[in-house]
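Accompanying notes for the structure given below.
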Amino acid sequence: MPALPPHVLFGAAYYHEYQPHDRLKTDLDLMVEAGFTVIRVGESVWSTWEPENGRFDLDWVQPVLDGAHERGIAVVLGTPTYAVPPWLSRQYPEIAAEHATGQRLGWGARQEVDFTHPAFRFHAERVSREILARHAAHAAVIGFQVDNEPGLRLPHNHGLFQRFVDHLRQRYGTVEALNREWGLVYWSHRLSTWADLWTPDHNAQPQYDVAWRAFQARQTTEFVAWQAEIVREYARDDQFVTTCISYQHPAFDDDELTDALDVTAGNPYYDMQDGLALPDPTPDDHEQVWKTTGVWALFQSADRIFSSRQEPFLVTETNAQAISSPWDNKPGYDGQWRQAAWALVARGARMVEYWHWHTLHFGAETHWGGVLPHSGRPGRVYAEIARLGAEFRTAGDLVAGIEPDADVALVFSMPTKWLMQKYPPLATPAGGPDPAAYHRILNPFYRGVLEAGRQCRVLHARQLHDSPPEAAARRHPVLIAAGLYLADDATLDWLAAYAHAGGHLVLGPRTGYADHEARARPEPAPPRLVEAAGVHYDEFSNLSTPLPVRFLDSSGGGTLWVEGLSTVDAEVLATYDHPHFGRWPAITTRAHGAGRVTYVGTVPDRPLARALAAWLVPTPVSGWSDLPESVTASTGTSPDGRRVHVVHNWSATPTSAVVPHDLTDALSGEVVAAQQPLHLGARDVRVLKAPPHIHP
């Protein structure tokens, strides 16, 4: 991987070509005053780079690159392949993506194309090469972003479907094998020839859906890898290649997508104002979509980006002001830009870029606020961000590339998420299928860890196999696998071996119930884990109302789902207070080898999840304990081995927290002695470092 600068990169996407008049010098000078060290350019304007087929205009960005370089501002240069020019769609209408077989997407937005089509690929490669040949060597350019937020759509084009059929033929060999593996005897779906395979529009077979979604994700992975290889023909050894990821898009698998990149880059957006308050006023059933709500969800967004490659990452877009639609305007309260940026850095971000510099005067995102308002005059937002820029100038070398701590690891499965979007085990309050079911099972466990004052690491199920169970048990003493419905034999056996080697495995609802083809396993649940867990079940129920659960001193409850656990030789830790469901334990535990398996047979509410996390990790690795409800402490290790503590007060009321040992404020130089109060103002952040001899 090319070496990234040894400081936090800080800046915004900058579109000089969108400005109503020339203000390049003014903008760049204001960026310098705000402490900006990076901008991103060029990714959205193919029709500006190539106004007509084969006629290129490549020099318009040169003054931006030159001006940035003169001021010491680095540049990430984008390829514009996600926003196709009208002339290309007019001359090659066959490249339009189809949202259903034979039904083309209309034009006028973005990413409306079948990016696997040869005509699109020809033109995408040509414009990328022209841009790269002209500008890749510029001294300001430190890296490249290929495409933009890939995987937005699930195209159903004929050529794509035929490649899907070819893929199935290569994977399964014969239609007889596919019939057997997919169970196509059901509802008379047995194939006699590959030509019998139906298109995915109205498919109702889960095995088909799992394969189709995985195939779509691989097309996105291949597309990004293809562009990355083109870029590397022009890039210097010190320039990186990435793409920016929106983690809610349907057609990608981030841990595979990022294999072809040098560094992960993600776009976390979040509700500000009361969406960043602790205590958290957000209802438990609030749906987290492309933007999140809640402090815990902001931290989870960062941990998801880190999870893609299990390494520090870039933030290519995040809130500058109001985001989204003209009717959704919630710019932050004073201090919230600092809070969010330092939270991202504490969890591994080594670049924070806002979207975007200047609020646009036209287009679909006219009211998606930038660092500057429509007037172009610096205001409150600019002042807040400039304050942050000054802090990164002071402490950016310390915190760039933090390896964040983790008390608990949480297993994430993209294939399970895909399946549960169409075949969810949970219902909405109205009784219909809940496409957010996977996150409704998984998120309470993550949220409980954070609200208990602990820290979490997200691991993709595929990444479990990167380490032997013994090594994983040492590195991650507690591992939660909840909602992991799709799991092959090797993964379930790895989980059992992890516990046997000394890890504390926490199993949650639906884990392991189906195999990698989404076939329900013909054995007692939890499959392949009954002996290790000391429980089994064959009955389960949805819950329309929460059930009180007696666990330690918690007043919490179980929600959404109950598994009818029968103990073999496990200890019962918690029970339901209910005349029917009370016959089954809610939480059990059992020693297994050198470790332990704890089974949680329901989706815990906030008090229960918090109590469970505190029981799993009695002493947090951070050393911070008895924190006020509005305070979080994120800890990690900088690349040079120094320990970093980032402490937030997410409330408008000042408070204090007791320091676990001697720490120095990295911004002010103040020394705070062990067991003394650390004063935190309203919506405040303190960035602290430990002396070299302290390594908790």
Legend entry - Evaluation of Ala297 against (1) in a helix (DSSP H, G or I); (2) touching a Ser or Thr at 6+ places or on another chain (Cβ under 7 Å) (one fails), failing number: (2)
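Results for (1) small (Gly, Ala, Ser); (2) crowded, with 20+ Cβ neighbours inside 10 Å; (3) in a loop (DSSP other than H, G, I, E, B); (4) on the phi > 0 side of the Ramachandran plot, shown as yes or no for each residue.
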residue	(1), (2), (3), (4)
Asp626	no, no, yes, yes
Val644	no, yes, no, no
Thr653	no, no, yes, no
Ser656	yes, no, no, no
Leu667	no, no, yes, no
Ala674	yes, no, yes, no
Leu678	no, yes, no, no
Ala682	yes, no, yes, no
Val687	no, yes, no, no
Inset, instruction - Kindly indicate the residue of segment 615-656 that is within 30 Å of Ile587 (Cβ to Cβ) and small (Gly, Ala, Ser) and also modelled with the lowest pLDDT among those meeting that condition. - result: Ser625
Inset, instruction - Among the helices (runs of 4 or more DSSP H) lying completely within segment 346-453, list those that include at least 3 residues that are basic (Lys, Arg) and at negative phi. - result: 380-399
Inset, instruction - Being of a type in the set (A, V, I, L, M) and either surrounded by 14 or more Cβ atoms within 10 Å (Cβ to Cβ) or in contact with a Leu (Cβ under 7 Å, 6 or more places away or on another chain) (or both) is the filter here, so list the residues in segment 1-21 that pass it. - result: Leu4, Val8, Leu9, Ala12, Ala13
Legend entry - Contacts under 9 angstrom Cβ, first residue in segment 259-273 being at positive phi and modelled with pLDDT of 95 or more, partner of a type outside the set (A, V, I, L, M, F, W, C) and buried (at least 24 other Cβ atoms within 10 Å of the Cβ), 6 or more apart: Gln273/Gly332
Inset, instruction - Scan segment 120-134 and give yes if some residue there is of a type in the set (S, T, N, Q) and under 33 Å from the mean Cα position of the chain (by Cα), otherwise no. - result: yes
Legend entry - Residue in segment 469-483 that is buried (at least 20 other Cβ atoms within 10 Å of the Cβ), touching a strand residue (DSSP E or B) at 6+ places or on another chain (Cβ under 9 Å), under 17 Å from Asp285 (Cα atoms) and among the β-branched types (Val, Ile, Thr) present: no
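In this structure, does Asp577 turn out to be over 16 Å from Phe445 (Cα atoms), without any contact (Cβ under 8 Å) to a residue 40 or more places away in the chain and in contact with a Gly (Cβ under 7 Å, 6 or more places away or on another chain)?
On the way: over 16 Å from Phe445 (Cα atoms): yes; without any contact (Cβ under 8 Å) to a residue 40 or more places away in the chain: yes; in contact with a Gly (Cβ under 7 Å, 6 or more places away or on another chain): no.
When the stated conditions are applied, Asp577 does not pass them.
Taking segment 96-142, which residues are aromatic (Phe, Trp, Tyr) and buried (at least 21 other Cβ atoms within 10 Å of the Cβ)?
Phe115, Phe120
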Inset, instruction - Only residues in segment 200-224 that are over 22 Å from Tyr485 (Cα atoms) count as the first member; pair them with residues that are of a type in the set (Gly, Ala, Ser), Cβ under 8 angstrom, at least 6 apart or cross-chain, and list the lot. - result: Asp201/Ala100; Gln219/Ala251; Thr220/Gly151; Thr220/Ala251; Thr221/Ala260; Val224/Ala260
Legend entry - Residue, farthest from the chain's Cα centre (by Cα), within segment 38-71, restricted to residues that are among the polar types (S, T, N, Q) and not in a helix (DSSP H, G or I): Asn53
Legend entry - Candidates Ala265, Ala277, filtered to the one that is in contact with a Phe, Trp or Tyr (Cβ under 7 Å, 6 or more places away or on another chain) and either within 17 Å of Leu314 (Cβ to Cβ) or of a type outside the set (Gly, Ala, Ser) (or both): Ala265
Legend entry - Breaking point among (1) in contact (Cβ under 8 Å) with a residue 24 or more places away in the chain; (2) buried (at least 18 other Cβ atoms within 10 Å of the Cβ), for Asp434: (1)
Legend entry - Residue among Glu563, Glu629 that alone is among the acidic types (Asp, Glu) and within 21 Å of Arg528 (Cβ to Cβ): Glu563
Legend entry - Residue list for segment 72-93, restricted to those being loosely packed, with under 15 Cβ neighbours inside 10 Å and part of a loop (DSSP other than H, G, I, E, B): Gly72
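Here's the yes/no breakdown for (1) crowded, with 21+ Cβ neighbours inside 10 Å; (2) touching a helix residue (DSSP H, G or I) at 6+ places or on another chain (Cβ under 6 Å):
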{"site": "Tyr438", "(1), (2)": "yes, yes"}
{"site": "Asn443", "(1), (2)": "yes, no"}
{"site": "Tyr446", "(1), (2)": "yes, yes"}
{"site": "Leu450", "(1), (2)": "yes, yes"}
{"site": "Gln455", "(1), (2)": "yes, no"}
{"site": "Leu459", "(1), (2)": "yes, no"}
{"site": "Ser467", "(1), (2)": "no, no"}
{"site": "His504", "(1), (2)": "yes, no"}
{"site": "Arg510", "(1), (2)": "yes, no"}
Legend entry - Where Gln288 falls short, out of the listed (1) among the polar types (S, T, N, Q); (2) in contact with a Phe, Trp or Tyr (Cβ under 9 Å, 6 or more places away or on another chain); (3) part of a loop (DSSP other than H, G, I, E, B): (2)
Legend entry - Filter result for His202 (modelled with pLDDT under 95 and either farther than 30 Å from Ala136 by Cα or within 14 Å of the chain's Cα centre (by Cα) (or both)): yes
Inset, instruction - From Gly369, Gly335, Gly401, grab the single residue that is free of Cβ contacts under 8 Å to residues at least 60 places away in the same chain, crowded, with 17+ Cβ neighbours inside 10 Å, within 25 Å of the chain's Cα centre (by Cα) and not assigned by TED's automatic domain parsing to the domain that holds Ala682. - result: Gly369
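For Arg350, indicate whether it is within 23 Å of the chain's Cα centre (by Cα), crowded, with 24+ Cβ neighbours inside 10 Å and not hydrophobic (A, V, I, L, M, F, W, C). Break it down into steps so the answer makes sense when it comes.
On the way: within 23 Å of the chain's Cα centre (by Cα): yes; crowded, with 24+ Cβ neighbours inside 10 Å: yes; not hydrophobic (A, V, I, L, M, F, W, C): yes.
When the stated conditions are applied, Arg350 passes them.
The values are calculated or read from the model by the stated rules, or taken from the named source; none is laboratory data. Fair warning: this is a prediction, and the values are worked out from it, not measured in the lab. As a convention, Cβ positions derive from the backbone with ideal geometry for all residues, glycine included, and neighbour counts pool all protein chains shown.
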